[in-house]
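Read the figures in this text as sums done on the coordinates, not as results from a lab. These numbers were taken from a predicted model, which means no experiment stands behind them. Cβ placement follows ideal geometry from the backbone for every residue including glycine, while neighbour counts extend to all protein chains displayed.
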Amino acid sequence: MAARPSGNRRALGDIGNIVGSLSTTYIVAKGQQQTQQQPLQITQIKNFTKCNGPITRFGAELASRDQVYGKVESQKENVKENRTASSKKKRNRFREVQETRSSVIMEKEEEQQEPQKKKLERKESDCCSDSSMSMETAESSLDSKEDPLEICEVEMEEVESPLRCIDKSEHRNPLAVVEYVDEIYSFYRKTEITSCVPTDYMSIQSDINHKMRAILIDWLIEVHHKFELLPETLFLAINLIDRYLSRQHVMRKYLQLVGITGMLLACKYEEVCVPLLDDFVYIADRAYSKEDVLKMEKSMLNTLQFNMSVPTPFVFMRRFLKAAEFDNKLEMVSFYLMELTMVEYQMLKFPPSLLSAAAIYTGRCILRRTPAWDKTLVHHTTYSEDLLQECVRLMVGLHQNAGQGRLTAVYRKYSISKYSCIALLLKHEQQKFTSTLK
């Protein structure tokens, strides 16, 4: 046996956990030991990263995973780049579509404006052709640099205001009966003809005339104000008196009895707390007894056939004021003008609805409300502005003469603070608003 060289023993070339290390083969020839180093071929791992030194198998697996993760990240980056590119293309397409739409809209607007421009050009040419100025006037016009658009006036169409819903705030009020209100007032317009009296009914009376009637109504307005009764009571009482006088012959000494009986019946129909019969006897200075009043009450009801449900001017006034969007001032002015007409016999020729509409129209003119009469008022009153002019002129005359003469109950009533002193205010304004009326 040959002796082993001392100190020349080489460490093991493969300890089982080295990948990529150099393998050592031993060749023994002629008593010499030669070594040949060959690198191991790695077939299981592809695209293995080069290492300067030997690594373990676990390290090789980690290296292979890093390569796989790198590929995945590169693929993700490619997908992101593709998405950004596609989103840029979509944005560009959306911008192109918007630009095309805006261009189409501009073209349509230009097409719509072209006929207007042509109309203006035609008007300018017509003005120029109709004028047929001489050369001197033409030169002067050029020197003055007048704009032809200033010479030719362009007519603008007036925009009609839509109808207002005057019952909008009353939908939740069951007492307003909004669903039936139109039918109710159409019925009132049909029946108001039967409630009117003939305009010449005084011709059948031999002992009284229209001046006595005016004195009676003026006195009843004071009685109504003293008893603090409702406004509708006054209008109903006057209606009952006129209807009775138009059917029955009455002596002069019983005319006041007819007045207090009509007021008593109206109170029983409208008021919650009715004044006592003794109060009416007292207010007439005891000229009549209780029995006289009860007999006249029976006579009036039989003559009128117990028909007391008639539309008075107050019924229409409430509806028309809502259509006029009234405030406290307009309401006071309208009722003031209305009560002035109650005294005058000549105003009986107008139906109650027309009197109410004319009072509101006159009040709006006095207070300078614009417009004085709009589409909504025409719709609800069924009266145009022209149909009101005759009644309005008479109301203005009554207002100008209010406070003069002996019959001043209405003027004194509306001169107190309870009614905002509206009669005194309107007296100062009478010269201003008369010019606004047609």
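Take the stretch 310-337 and flag every residue that is under 15 Å from Cys365 (Cα atoms) and touching a residue at least 40 places away in the same chain (Cβ under 8 Å).
Residues satisfying the conditions are Ala324, Glu325, Lys329, Met332, Val333, Phe335, Tyr336, Leu337.
With the requirement that a residue be surrounded by fewer than 14 Cβ atoms within 10 Å (Cβ to Cβ) and of a type outside the set (Gly, Ala, Ser), what does the stretch 401-420 give you?
Asn401, Gln404, Arg406, Ile416, Lys418
Do you know which residues across the stretch 276-292 are assigned to a loop (DSSP other than H, G, I, E, B) and exposed (fewer than 14 other Cβ atoms within 10 Å of the Cβ)?
Leu276, Asp285, Arg286, Ala287, Ser289
Matching residues to (1) in a loop (DSSP other than H, G, I, E, B); (2) not aromatic (Phe, Trp, Tyr):
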position: Leu354; (1), (2): no, yes
position: Ala359; (1), (2): no, yes
position: Thr362; (1), (2): no, yes
position: Trp373; (1), (2): yes, no
position: Thr376; (1), (2): no, yes
position: Leu388; (1), (2): no, yes
position: Arg393; (1), (2): no, yes
position: Gly397; (1), (2): no, yes
position: Arg406; (1), (2): yes, yes
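Would you check if Lys295 is within 27 Å of Thr194 (Cα to Cα), surrounded by fewer than 16 Cβ atoms within 10 Å (Cβ to Cβ) and of a type in the set (Lys, Arg)? If you could, list the steps in order and put the result at the bottom.
On the way: within 27 Å of Thr194 (Cα to Cα): yes; surrounded by fewer than 16 Cβ atoms within 10 Å (Cβ to Cβ): yes; of a type in the set (Lys, Arg): yes.
For Lys295, the condition - within 27 Å of Thr194 (Cα to Cα), surrounded by fewer than 16 Cβ atoms within 10 Å (Cβ to Cβ) and of a type in the set (Lys, Arg) - is met.
Determine, yes or no, whether Asn307 is part of a loop (DSSP other than H, G, I, E, B), polar (S, T, N, Q) and free of Cβ contacts under 8 Å to residues at least 24 places away in the same chain.
yes
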